[in-house]
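Down below is the structure, laid out as structure tokens.
Rule-based calculations on the coordinates, nothing more; no lab input. Every value quoted in this text rests on a predicted model; they were computed, and no experiment measured them. Quick reminder, even Gly has a Cβ in these numbers, built from the backbone with ideal geometry, and neighbours come from all protein chains shown.
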Amino acid sequence: MTQELIHDLKLDRTLDESARQDFVAALRGFVLHDIAGDMRATYERRVKPEITRAWGHEPRDSAEVHRAMRETLCFKFYSAMRVNAQEMVWDSVRDQVQRGRARISEQVQHALRQGSLVLDPSVEVPRSVSSLDVHLMPGNYDREFGPDDATQGAFYDHGTVVFYMGLMGRDQGDIGRTISRWVRARYPDLPVRRVLDVGCTIGHNTLPWAQTFPDAEVHGIDVAPPVLRYAHARAQSMGVAVSFRQMDATQLKYPDDSFDVVWSSMFFHELPLKSIRQALKECRRVLRPGGLMIHMELPPNRALSPYDGFYLDWDSWYNCEPFYKTFRDQDERQLCVEAGFDPERFEQHVVPSLNWFGEEVFQRALDSVGKIDKDTGRFDQGLSWYAFSARK
């Protein structure tokens with residue numbers, strides 16, 4: 001069953017909406033586990049041998065597996081089911097959000113009178129945001145329906161409750177909580193006084209940094225005003241102090257050497273490669289000497305089998321995430337070196353989800369080097385997060 005949100009911006013559901021959202025969450029689980037498992041079995045048993053005979057070699061990368069699979073009935077069925085399930089996620093919360101817009105607006109107006117939110121009308125929303133409906137979410141992050149509007153923030157928050165199928169915990173902050181706890185344990189020499197979350201959306205994975213490091217000053221930036229207004233009101237309702245600002249990650253308006261940690265979660269794969277390179281340079285610029293840059297993403301294609309790369313690259317082809325595969329085809333170490341980081345201070349991390357595995361497994365993982373495998377980052381059997389980092 002889908003979970004209830006734990007903050008004051010939570011919107012009431014009718015019984016029909018609750019049943020519909022539970023169904024959609026279960027359907028996504030069925031597609032991502034059962035149908036995906038059948039598709040993989042078909043590839044191994046029939047498609048790969050046939051293609052190997054026809055081509056004279058096995059598919060060598062994600063693109064070649066896609067070429068081999070895209071006309072098969074199992075792939076068409078999987079893709080049709082997954083696209084429909086994705087669209088149903090947003091449809092299942094649309095009426096709930098529309099009905100609650102007035103209450104969300106009241107909460108946002110109340111929050112604007114306290115805390116720290118700075119919107120900058122001179123910041124231009126990039127076309128990579130304004131011209132797409134990323135994740136097939138109508139209106140993306142930036143659509144506005146009036147002054148001080150936060151509808152898209154509410155749409156995203158309530159929709160991701162269904163999308164994540166309960167895997168992120170009741171505050172949907174498992175990624176931020178898991179990685180911030182990892183940083184605290186693995187880098188005891190790192191004084192964490194100021195943290196920056198780039199591409200924070202509504203702060204799901206920003207607030208856990210303030211909770212893990214209660215004495216730190218935590219900042220979150222994004223280019224889209226609706227999600228920032230919602231993020232600010234959400235943080236206020238949860239009693240967590242975070243400063244939110246409208247800002248482009250490729251043009252950070254912070255001085256040099258001003259943060260101990262610069263962080264993001266599932267952000268870089270939504271940027272064009274040129275913007276990724278510039279954003280990494282900016283991350284390094286604002287880091288203090290000895291500071292840590294760490295970004296949670298899905299693992300790179302070079303670390304996966306051709307089939308597993310193909311499976312994760314599906315989102316780039318069919319989920320309106322056109323920059324996704326380009327990013328995952330990169331060598332993150334090389335990107336960090338190009339941004340000015342020392343290659344010897346680059347690291348990769350595979351961290352077991354606290355919400356999925358619990359404290360005992362998490363603590364054991366601190367003494368080992370996690371290995372990227374087919375389950376890393378996937379909402380399937382066992383859930384571990386991948387991150388790459390570099391120190392200045």
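Descriptive notes on the structure:
- Shape of the chain, Cα gyration tensor, a/c cut at 1.5: oblate
- Per-peptide average of other Cβ atoms within 10 Å, ordering 32-42, 293-303, 201-211 highest first: 201-211, 293-303, 32-42
- Listed by chain and number, the aspartates and glutamates placed with their C-alpha closer than 19 angstrom to that of LYS10 are ASP22, ASP91, ASP95, GLU106, ASP148, ASP149, ASP157, ASP171, ASP174; residues fewer than eight positions away on the same chain are left out.
- Nearest-0.05 FRET efficiency for LEU273 and TYR318, computed from C-beta distance (R0 22 Å): 0.60
- Estimated FRET transfer efficiency (ARG45, ASN84; beta-carbon r; R0 45 Å; 0.05): 0.95
- Distance from the C-alpha centroid of region 265-332 to that of region 124-151: 21 Å, rounded to the whole angstrom.
- Among 266-275, 67-76, the peptide with the highest mean count of other Cβ atoms within 10 Å heads the list, and the full ranking is 266-275, 67-76.
- Loop GluC sites (Glu not before Pro), region 97-162 (other Cβ atoms within 10 Å of the site Cβ: 14 or fewer; DSSP): GLU124
- Relative intensity of region 15-163 on a log10 scale, I(q)/I(0) at q = 0.14 Å⁻¹, equals -0.84, per a Debye sum over C-alpha point scatterers of equal strength in the absence of solvent.
- Counting neighbouring Cβ atoms within 10 Å and putting the fewest first, the residues TYR156, TYR311 line up as TYR311, TYR156.
- Counting only DSSP H runs of at least 4 residues, each contributing -39500 (n - 2.57), and dividing by the residue count of the chain, the helix-based mean residue ellipticity at 222 nm comes to -13500 deg cm²/dmol.
- Here the peptides 8-19, 157-168, 361-372 are ranked by packing, the mean other Cβ count within 10 Å, and the order with the highest first is 157-168, 8-19, 361-372.
- Panel order for GLU282, GLU4, by other beta carbons found within 10 Å of each beta carbon, from fewest to most: GLU4, GLU282.
- DSSP H segments from the chain that extend 24 Å or more along their own axis, Cα-based, with Kyte-Doolittle mean of 0.0 or above: none
- A Cβ-based charge dipole, computed about the Cα centre of the chain with Lys and Arg at +1 and Asp and Glu at -1, lands at about 380 debye.
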